[in-house]
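Step one of this worksheet: look at the structure below.
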Amino acid sequence: MHPVETWLFWAFVIASLALFANTARVRIGALMAGLPDNRFDRPWERLKGLILYAFVQKRMVRDRYAGFFHLLIFWGFMVLALRSLSLVAEGLFPSFHLTEMMGVWGLGYQVTKDIFEVLVILGILMASARRLFFPPDRLENSWDAWATLSLIGGLMVTDLLADGAFIALHNPAWAAWSPAGEFVAALLGGMGSSSLSLLYHATWWFHLLILFGFLNFLPYSKHFHVLTALFNVYFRELEPTKNIKPMNLEAEHFGVNKIQDFTWKQMLDFYTCTECGRCTEVCPTTLTGKPLRPKNYGNDLRDYLYETPLADMAQDKGVPENRLLIGGPVPEGSVWQRKEEHPPWTPENLGGTISEDTIWACTTCGYCEHACPLHITFVDKLVGMRRYLTLEESNFPAEAQVGFKGMERQGNPWNMAQADRAKWAEGLEVPTMAEEPDAEFLFWVGCAGSYEDRGKKVSVALVKLLRAAGIKFAILGEEETCTGDSARRLGNEYLFQTLAETNIETLNGYKVKKIVTNCPHCLNTLKNEYPSFGGHYEVVHGTELVARLVAEGRLKLTQEVRESLTYHDPCYLGRYNDQVEAPRAILKAIPGLSLTEMDHSGKNAMCCGAGGGRMWLEEKLGKRVNHLRLEQALETKAKGVAVACPFCNVMMNNAAGETGHEGFAAHDVLELAAQALPT
């Protein structure tokens, strides 16, 4: 390389790195302006997750075709990173050559590099074919996706051409270890030495121009995740969705209404979205035409974050802190005034950057977080916004007020008398913990199991099953009060913590160790959220305990129950608590009952629409979620649907009645099991 060319390359590298460093300063500065969040705990668990989800890409390969080509591109990109760095070193120090300097290791890397370059090109062709000929509905053919594929392809092609020209020109000793390079060299065999030299220099320069152009392009494209994904996976929420973090009730400000109210890790989520759309595939709000689409929600916040000079704010440069996310003015000339592709995000109905309809639409079903290959969370962000609206503005759907008052005054969202909480058990001689404090299990009945007509029948069914198995159990009776699940997810953290403290005091007073409950929402709250407040218990769902008793032979299900059913997985049982097999095991053990699965089942099941406190809110926008879920159940040609959650029971039966399918009833799994007990 000519000395002038070397100096020119030095200047090019320094300028490129300086430009990237300034962009990184702005992006990192924005993160520093976010709230603190300790993500440095449990390092070994984080490292294992990094290997599993980032390098092995466990979630990505759920889609086998896309997962395969993505693995080819990812691993090829990782392998080729060393090659690109060596080319930079060659430009800065012309005598440097990685293959020759590393000896046998260099030869091994050369052949590995050649193989992966070809595999990356194959992956790019597969990705391009998918985008051109059979793109999934969730995929957007954006220009920067094509730009990124082109840039990666350009890196591969220019390096292969550079290697081929070098081999054809110099026939180095390592050529035999470069199968792809030798192949390209053979194709270039008819070129003269001056042409080969020109081709080598041109492709070498193009490779590095693409490399540094790509580096500076990434922070402004949706492929910023190339730089942030490893960090986002390592610092992921280790208990996503099922355990919303407690809020300090003595703080001066509640919830999220400014971009800097998010934690630095939540902001890193915004940077990391790949816009793959997997979060929308079974999202109930997306599929029913609500304004909340998880991908768009996160990307809108990302765009807003980019427009807010938080890097300067973090350095105390006097940048105003009143750019509101909810109910604030739309910044003049911002993306919010330019966006046209998503009608719900127009200035006419924003009121700020995120509309209130968007915030209240979420059912907190958790599908978006289950589907995201990079562990981006959504529920915590939306609940944060709800906390602001509820606790600071008293601005929540009017229907929620009935539930809040009921939980506060009577200990249940139905606002029914606390004194009637155990009336469902009249005549059953069910003991209370006060009467039988040494019971093996506390049966946590829950509000639905105590007051709602369908739920009360399921409570009776579980009593029969526990007695048939010889399980010693008791209830709290009038001492039980709502766990506060709906209050927390509707943003009323104050009410939730009040209920939690009351219940934990009662449970700890009886030294409760084991709890069984019919309600997945109670299960999740007692098992995953009460430990933050001093309540540590072994909690199982009724189907889990009954399935175990059947497997152990302590329960015999011998009576025929002639039903043709499909099964609807409750979100808070399946996705939140990883229990999809127990209800199915019970159904399969019942003589005469046939089971047909829905397309969206197990951890990929669609929500019934009742979670996140939506059970108590009117559904005014788009199609009703429970109606869509009923349609999915009807497609199986089954005659009814089995459920394992009192909220799902209500929603599916209501949907059947509202759509003229009264004969398509919902049956709780535990009721069906009780019917199969020997007479």
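I'd like the full set of residues that are surrounded by fewer than 15 Cβ atoms within 10 Å (Cβ to Cβ) and either part of a loop (DSSP other than H, G, I, E, B) or in contact (Cβ under 8 Å) with a residue 24 or more places away in the chain (or both), limited to the stretch 578-595.
Initial filter on the stretch 578-595 (surrounded by fewer than 15 Cβ atoms within 10 Å (Cβ to Cβ)): 578, 581, 588, 591-592, 594.
Asp578, Glu581, Pro591, Gly592, Ser594 - these are the residues of the stretch 578-595 that are surrounded by fewer than 15 Cβ atoms within 10 Å (Cβ to Cβ) and either part of a loop (DSSP other than H, G, I, E, B) or in contact (Cβ under 8 Å) with a residue 24 or more places away in the chain (or both).
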Exercise for review: Name every residue in the stretch 478-511 that is of a type in the set (Phe, Trp, Tyr) and either touching a helix residue (DSSP H, G or I) at 6+ places or on another chain (Cβ under 6 Å) or surrounded by 24 or more Cβ atoms within 10 Å (Cβ to Cβ) (or both), in order of residue number.
Suggested key: Phe496
Point to revise | Leading residue by the ranking (farthest from the chain's Cα centre (by Cα)) among those in the stretch 513-523 that are buried (at least 24 other Cβ atoms within 10 Å of the Cβ) and assigned to a loop (DSSP other than H, G, I, E, B) | key: Asn518
Review point. Within the bounds of the stretch 138-147, is there any residue that is surrounded by 14 or more Cβ atoms within 10 Å (Cβ to Cβ), within 30 Å of Thr286 (Cβ to Cβ) and of a type in the set (Lys, Arg)?
Key: yes
**Study point:** So Phe443, is it buried (at least 19 other Cβ atoms within 10 Å of the Cβ), at pLDDT 95 or above and not in a helix (DSSP H, G or I)
**Key:** yes
Practice item. Name, by its number, the condition in (1) in contact (Cβ under 8 Å) with a residue 12 or more places away in the chain; (2) part of a loop (DSSP other than H, G, I, E, B) that does not hold for Met267. Key: (2)
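I'm trying to understand the selection: among the residues of the stretch 122-154, which are small (Gly, Ala, Ser) and in contact (Cβ under 8 Å) with a residue 12 or more places away in the chain? Break it down into steps so the answer makes sense when it comes.
Within the stretch 122-154, the first condition is being small (Gly, Ala, Ser), and the residues that meet it are 123, 127-129, 142, 145, 147, 150, 153-154.
Gly123, Ala127, Ser128, Ser142, Ala145, Ala147, Gly153, Gly154 - these are the residues of the stretch 122-154 that are small (Gly, Ala, Ser) and in contact (Cβ under 8 Å) with a residue 12 or more places away in the chain.
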Check your understanding: List the pairs whose first member sits in the stretch 539-556 and is in the same structural domain as Phe441 (by TED's automatic domain parsing), whose second member is surrounded by 24 or more Cβ atoms within 10 Å (Cβ to Cβ) and aromatic (Phe, Trp, Tyr), and whose Cβ atoms are under 9 Å apart, counting only residues at least 6 apart or on separate chains?
Key -> Val539/Trp444; Gly542/Phe443
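Please work out if Gly49 is within 20 Å of the chain's Cα centre (by Cα), among the small types (Gly, Ala, Ser) and either exposed (fewer than 13 other Cβ atoms within 10 Å of the Cβ) or in a helix (DSSP H, G or I) (or both).
Details: within 20 Å of the chain's Cα centre (by Cα): yes; among the small types (Gly, Ala, Ser): yes; either exposed (fewer than 13 other Cβ atoms within 10 Å of the Cβ) or in a helix (DSSP H, G or I) (or both): yes.
In short, yes.
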Revision key, fill the gap. Of the residues in the stretch 499-512, those that are among the polar types (S, T, N, Q), within 11 Å of Leu476 (Cβ to Cβ) and more than 32 Å from the chain's Cα centre (by Cα) come to Thr506
Practice item. Just give me the residues in the stretch 375-417 being at positive phi and out of contact with any helix residue (DSSP H, G or I) (no Cβ under 8 Å at 6 or more places or on another chain), in sequence order. Key: Ser394
Exercise for review: Count, please, the residues in the stretch 134-160 that happen to be more than 20 Å from Lys295 (Cβ to Cβ) and among the polar types (S, T, N, Q).
Suggested key: 2
Review point. Residues in the stretch 401-417 that are touching a residue at least 40 places away in the same chain (Cβ under 8 Å), out of contact with any Pro (no Cβ under 9 Å at 6 or more places or on another chain) and farther than 17 Å from Ala500 by Cβ: how many?
Key: 0
Review point. Quick one: is Glu436 over 17 Å from the mean Cα position of the chain (by Cα) and over 28 Å from Lys457 (Cα atoms)?
Key: no
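Which residues, counting only those in the stretch 446-497, are basic (Lys, Arg) and in contact (Cβ under 8 Å) with a residue 40 or more places away in the chain? Before you say what the answer is, go through the steps one by one.
Narrowing the stretch 446-497 to residues basic (Lys, Arg): 454, 456-457, 464, 467, 472, 488-489.
Within the stretch 446-497, Arg454, Lys457, Lys464, Arg488, Arg489 meet the criteria.
To keep it simple, each residue is scored yes or no on (1) at pLDDT 85 or above; (2) surrounded by fewer than 17 Cβ atoms within 10 Å (Cβ to Cβ).
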{"residue": "Lys295", "(1), (2)": "yes, no"}
{"residue": "Gly327", "(1), (2)": "no, no"}
{"residue": "Pro331", "(1), (2)": "no, yes"}
{"residue": "Leu350", "(1), (2)": "no, no"}
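When the residues of the stretch 56-76 are narrowed to those that are in a helix (DSSP H, G or I) and under 18 Å from the mean Cα position of the chain (by Cα), which ends up surrounded by the most Cβ atoms within 10 Å (Cβ to Cβ)?
Start the filter on the stretch 56-76 by keeping residues that are in a helix (DSSP H, G or I), which leaves 60-62, 64-76.
Retained after the next criterion (residues that are under 18 Å from the mean Cα position of the chain (by Cα)): 60-62, 67.
Numbers: Met60: 21, Val61: 15, Arg62: 13, Gly67: 16.
Only one residue tops the list, namely Met60.
Can you tell me which residue among Tyr530, Tyr537 is over 26 Å from the mean Cα position of the chain (by Cα) and at pLDDT 95 or above?
Working: Tyr530 fails: over 26 Å from the mean Cα position of the chain (by Cα).
Every option except Tyr537 fails the conditions.
Table: residues versus (1) closer than 22 Å to Phe40 by Cβ; (2) buried (at least 23 other Cβ atoms within 10 Å of the Cβ); (3) not β-branched (Val, Ile, Thr).
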position: Phe231; (1), (2), (3): yes, no, yes
position: Asn243; (1), (2), (3): yes, no, yes
position: Ala251; (1), (2), (3): no, no, yes
position: Phe254; (1), (2), (3): no, no, yes
position: Lys258; (1), (2), (3): no, no, yes
position: Asp261; (1), (2), (3): yes, no, yes
position: Lys265; (1), (2), (3): yes, no, yes
position: Glu281; (1), (2), (3): no, no, yes
position: Lys290; (1), (2), (3): no, yes, yes
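Pick out the one residue from Glu671, Glu619 that is charged (D, E, K, R) and touching a residue at least 24 places away in the same chain (Cβ under 8 Å).
Numbers: Glu619 fails: touching a residue at least 24 places away in the same chain (Cβ under 8 Å).
Criteria check complete, one pass: Glu671.
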Practice item. Identify all residues within the stretch 604-621 that are touching a Lys or Arg at 6+ places or on another chain (Cβ under 6 Å) and either surrounded by 18 or more Cβ atoms within 10 Å (Cβ to Cβ) or assigned by TED's automatic domain parsing to the domain that holds Thr285 (or both); write none if there are none. Key: Met606, Cys608, Gly612, Gly613
Check your understanding: Before we move on, is Ser221 without any contact (Cβ under 8 Å) to a residue 24 or more places away in the chain and assigned by TED's automatic domain parsing to the domain that holds Val88?
Key -> no
**Study point:** Of residues in the stretch 632-668 being out of contact with any Cys (no Cβ under 9 Å at 6 or more places or on another chain), charged (D, E, K, R) and in contact (Cβ under 8 Å) with a residue 12 or more places away in the chain, the one surrounded by the most Cβ atoms within 10 Å (Cβ to Cβ)
**Key:** Lys639
Check your understanding: Being farther than 25 Å from Phe262 by Cα and part of a helix (DSSP H, G or I), is that true of even one residue in the stretch 30-39?
Key -> no
Point to revise | Condition broken by Leu188, with the remaining ones in (1) buried (at least 19 other Cβ atoms within 10 Å of the Cβ); (2) touching a Gly at 6+ places or on another chain (Cβ under 7 Å) satisfied | key: (1)
**Study point:** Selection count where residues are in contact with a Lys or Arg (Cβ under 6 Å, 6 or more places away or on another chain), under 21 Å from Gln410 (Cβ atoms) and aromatic (Phe, Trp, Tyr), scope the stretch 422-479
**Key:** 1
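The values are calculated or read from the model by the stated rules, or taken from the named source; none is laboratory data. Keep in mind that what you see is a predicted model, and the values were worked out from it rather than measured. FYI the Cβ positions are ideal-geometry reconstructions off the backbone, even for glycines, and counts take in every protein chain you see.
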